[in-house]
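The values are calculated or read from the model by the stated rules, or taken from the named source; none is laboratory data. The model shown is predicted, which means the values in this text are computed figures rather than measured ones. Neighbour counts run over all protein chains shown; Cβ positions are idealised from the backbone, glycine included.
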Amino acid sequence: MSEQDRNKRTVTVLFFGAARDIVGQQEMKLELRATTAEASLQELLEKFPDLRRFGRSLLFAVNQEYAQPDREIKDGDELALFPPVSGGCAAPASTSGHDFFELTTGPIDIGAVARRVVLPECGATVTLDGYAREWTRGRRTSYLVYEAYVPMALKELERLECEAHERFEIAHIGIVHRTGRLEIGETSVVIAVSAPHRHSAFAACEWAIRELKRTVPIWKKEVFEDGEVWVEGETRDEGGRRKDEG
């Protein structure tokens, strides 16, 4: 066996959204020579050159975390490639006290989600209901399909929960996002925030939906009468983190 073969790493590679459509598979085992995330991405682009159409917007994760370019790749790692997220089988609920973040394939009860964050010490609860709209840029949508990289999505939602408490004077926050097929008018995501004062609840709720759409690996496919398209979100920098506005 050559030195090059001995140094190869066997990894699992996952593809999501439009990247999966290009490759034609969602998961595969591959042997890579690369030792870092940046080099691994380049090696995968050599194997699947059609992915280059995403340019610098293609995202790369290692073991369910956005990867810095110098992140070491080890034998048995799980790699994931996907276009910018557009969020906006059921996954187990994750909770921390009265905070919660969940993915579900079933209909979302907006009132039930809001009530879970209402406590006696809170003076206000703000609830955002995001639902499937019928018209997008002049095209009539028949239905939507949401897809998630479930374990990584739950980790990112947990991060949002922690950061929301650091940024805003809130009591509790709950986020429930639906996956699978949604008919027009059905709820795709609910965010409920409770706080002693309403301005903090409003600010946290607006921040949470913006960050969810930027960072949580959930993709939306819009299906029209004459075709379909994966909705791509905002791009990130070379380290995999989002590019801030302005």
(message) Can you list the strands (runs of 3 or more DSSP E) lying wholly within the range 1-91 that have 1 or more residues being surrounded by 15 or more Cβ atoms within 10 Å (Cβ to Cβ), under 19 Å from the mean Cα position of the chain (by Cα) and at pLDDT 95 or above?
(response) 9-15, 59-62, 78-82
(request) Take the range 105-145 and flag every residue that is within 22 Å of W207 (Cβ to Cβ) and of a type in the set (A, V, I, L, M). (result) I108, I110, V113, A114, V117, V118, L119, A124, V126, L128
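Of all residues in the range 145-166, count the ones that are more than 23 Å from G111 (Cα to Cα) and over 15 Å from the mean Cα position of the chain (by Cα). I'd like the intermediate steps shown before the answer.
Applying the first criterion (more than 23 Å from G111 (Cα to Cα)) to the range 145-166 yields 145, 147-153, 155-156, 159, 162-163, 166.
Imposing the further condition that a residue be over 15 Å from the mean Cα position of the chain (by Cα) reduces the set to 162-163, 166.
Residues that pass the stated criteria total 3.
Condition check ((1) surrounded by fewer than 16 Cβ atoms within 10 Å (Cβ to Cβ); (2) closer than 17 Å to V113 by Cβ; (3) among the β-branched types (V, I, T)) across all residues:
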| site | (1), (2), (3) |
| --- | --- |
| G138 | yes, no, no |
| E156 | no, no, no |
| I170 | no, yes, yes |
| T187 | no, yes, yes |
(message) If S200 meets every condition in (1) crowded, with 18+ Cβ neighbours inside 10 Å; (2) over 16 Å from the mean Cα position of the chain (by Cα); (3) closer than 27 Å to V145 by Cβ apart from one, which number is that one?
(response) (3)
(message) Show me the strands (runs of 3 or more DSSP E) entirely contained within the range 153-216 in which 2 or more residues are of a type in the set (A, V, I, L, M, F, W, C).
(response) 172-178, 187-195
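When you check H172 against the structure, is it within 18 Å of E102 (Cβ to Cβ) and more than 18 Å from the chain's Cα centre (by Cα), yes or no?
Values: within 18 Å of E102 (Cβ to Cβ): yes; more than 18 Å from the chain's Cα centre (by Cα): yes.
Spelling it out, H172 is indeed within 18 Å of E102 (Cβ to Cβ) and more than 18 Å from the chain's Cα centre (by Cα).
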(request) Could you tell me whether G246 is assigned to a loop (DSSP other than H, G, I, E, B), surrounded by 18 or more Cβ atoms within 10 Å (Cβ to Cβ), at pLDDT below 95 and out of contact with any Cys (no Cβ under 9 Å at 6 or more places or on another chain)? (result) no
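Do you know which residues across the range 92-135 are charged (D, E, K, R), in a loop (DSSP other than H, G, I, E, B) and modelled with pLDDT of 75 or more? Please lay out each step first, then the result.
As a first pass, look at the range 92-135 and keep what is charged (D, E, K, R): 99, 102, 109, 115-116, 121, 129, 133-134.
Those left that are additionally in a loop (DSSP other than H, G, I, E, B): 109, 116, 121, 133-134.
D109, R116, R133, E134, listed by residue number.
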